[in-house]
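What follows draws every value from the coordinates through simple rules; no lab data is involved. Everything quoted here is computed from the prediction, not taken from an experiment. In this analysis, Cβ positions are derived from the backbone assuming ideal geometry, glycine residues included, and neighbour counts consider all displayed protein chains.
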């Protein structure tokens, strides 16, 4: 099964050209072996027109960034409650099931929080899940998130899955991404 990992940064839409999970043959004399399908995590965070490199669920680095986001969710709650000067655009990412049995991670713009229960609006279009739609109001517990982010001035705070994909971009892709994103890493 092959599922494309997508990435929408709240209201910061961008297009990263040239990202593909297919390798080009390295020799004209020997054809490259056919790529084997691998299970993927769907992380809907970019416009559907982009095709960034996939993040297989067995990738320890990807699993680690989700664990780091969960472990530091108290930092997100504190910033959301205190709203320090310059802090804005508070989002969490929550996984939703798809018909193919994988989870699609959706950004949610946080509007309210009470005792660790968040209320917000789904901030991006779903690629596969039919559980939620863009603009829909949802409630979730902070323990359900797979990532969180906000900006402080122009600086991204949190955004662990964003950083995961950013680290795997070419220098040109990074430059293009930062121009479109509207924040600094």
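Note on residue 134 and residue 99: their simple-model spin labels are 2.0 nm apart, each label 7 Å out from Cα toward Cβ. How many percent of DSSP beta bridges within region 42-172 run antiparallel, rounded to 5? Just about 90 percent of them are antiparallel. With the simple spin-label model, which puts each label point 7 Å out from Cα in the Cβ direction, the residue 178 to residue 114 separation comes to 4.2 nm.
Per residue Cα convex hull volume for region 42-172, in cubic angstrom?
Residue-normalised Cα hull volume stands at 113 Å³.
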